[in-house]
Amino acid sequence: MAILVWGLEWRLALSKKRELALRVLAPLALVFVIATGPLPAVAGVATYAVFFIAFGHFGAALPALRDAESGIALRVARAGVSPASYLMQRVAACSAIALVELLPAALVAAAFLNASTSEILISLAALAVGIWIASLFGVLAAAVSRSRSELVVICGVSLTLLFHMSGVFQSPSAGGLAATLESVAPFRAVHEAFATMVAGEAVGGAAAALVWALALSTVVWLLAPRLTVALERSG
């Protein structure tokens, strides 16, 4: 019973072989097109960061809303799984599945950027933490949405602002407000982990990412009863 939701998510993911193949091949195709095209490497790594994080974000948000619409969340609760356990298992499963699906694309991107073994390991670690954060944001976005179309808008706007804050679209001038925001941004580490393969600079933002991961996990855990009620209303 303790890992009911975790096991259910993995069984669903592995049972839909066609969908699973597409979710692996789509990121691979995107990376290949960007890596072999005329887009500058700096712009390419920004695109990778945006796509990988958005992939994890929607990979948690849409299933959460799907469960609310189908009534699965309510049935799981009646089976004895606490709201906090339900949501954290869902985030953990969705994050792990997204990371596995993105792994081939991330490795191909690193290969085209001639990344070293240490750079690859750092980028995968940053990606794992970034997807966890994105998945937590996805559950929160699903809880405040009232339809799938509304969810897409909320996710799109919030992610765009977070990416901008993280310096993905433009490096801020040192000493300004934008630079201060970037230093505490959630997805800076993911972007810089891939950017360092091009520029060779140190990866920043790791501490901020860990703080975000811990803080959001605590928020979701503490607000889990209210969030599950909100998800049921969304459905």
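Assorted remarks:
- For the residues A79, A109, A128, a GNM of the chain with alpha-carbon springs under 10 Å puts the largest fluctuation on A79.
- Sequence of I131, I72 once ranked by neighbouring C-beta atoms within 10 Å, starting from the fewest: I72, I131
- Rg/Rg_ref, the range 1-85, where Rg_ref = 2.2 N^0.38 Å and atoms are Cα: 1.45
- In the chain, the calculated helix contribution to ellipticity at 222 nm averages -27500 deg cm²/dmol per residue, counting -39,500 (n - 2.57) for every DSSP H run with n ≥ 4.
- Charge dipole (Cα centre; +1 on Lys/Arg Cβ, -1 on Asp/Glu Cβ; no other charges) of the chain amounts to roughly 820 debye.
- This ranking places V45, V129 by how few other beta-carbon atoms lie within 10 Å of each, fewest first, which gives V129, V45.
- Relative contact order of the range 11-104: 42 percent, from C-alpha pairs under 8 Å at least 6 residues apart in sequence.
- Positive-pole candidate from T196, T47, H57, dipole of the range 17-234, charges at beta carbon: H57
- Furthest towards positive pole of dipole, V153, I131, G175, structure part the range 79-227, Cβ charges: V153
- GNM result for the chain, Cα springs below 10 Å: residue of L22, L113, L127 fluctuating most strongly: L22
- Size of charge dipole - the range 110-224 - debye, nearest 20, with Cβ of Lys, Arg +1 and Asp, Glu -1, no other charges: 320
- Percent of alpha-carbon pairs separated by more than 22 Å within the range 17-234: 50
- The ranking of S217, S135, S118, S166 by Cβ neighbour count inside 10 Å, starting from the fewest, reads S118, S217, S166, S135.
- Loop-located trypsin sites (Lys or Arg not before Pro) in the range 2-60 whose Cβ has at most 12 other Cβ within 10 Å (DSSP): K16
- Relative packing of peptides 89-99, 197-207 - highest average C-beta neighbours within 10 Å first: 89-99, 197-207
- The loop-placed chymotrypsin sites (Phe, Trp or Tyr not before Pro) in the range 154-189, going by DSSP, that have at most 16 neighbouring Cβ atoms within 10 Å of their Cβ come out as F169.
- The value of relative contact order for the chain, using C-alpha pairs under 8 Å at least six residues apart, is 30 percent.
Laboratory data are not the source of any read-out in this text; all were calculated from the coordinates shown. Remember, it's a predicted structure, so these values are computed and weren't measured experimentally. Every residue, glycine among them, receives a Cβ derived from its backbone with ideal geometry; neighbour counts consider all protein chains shown.
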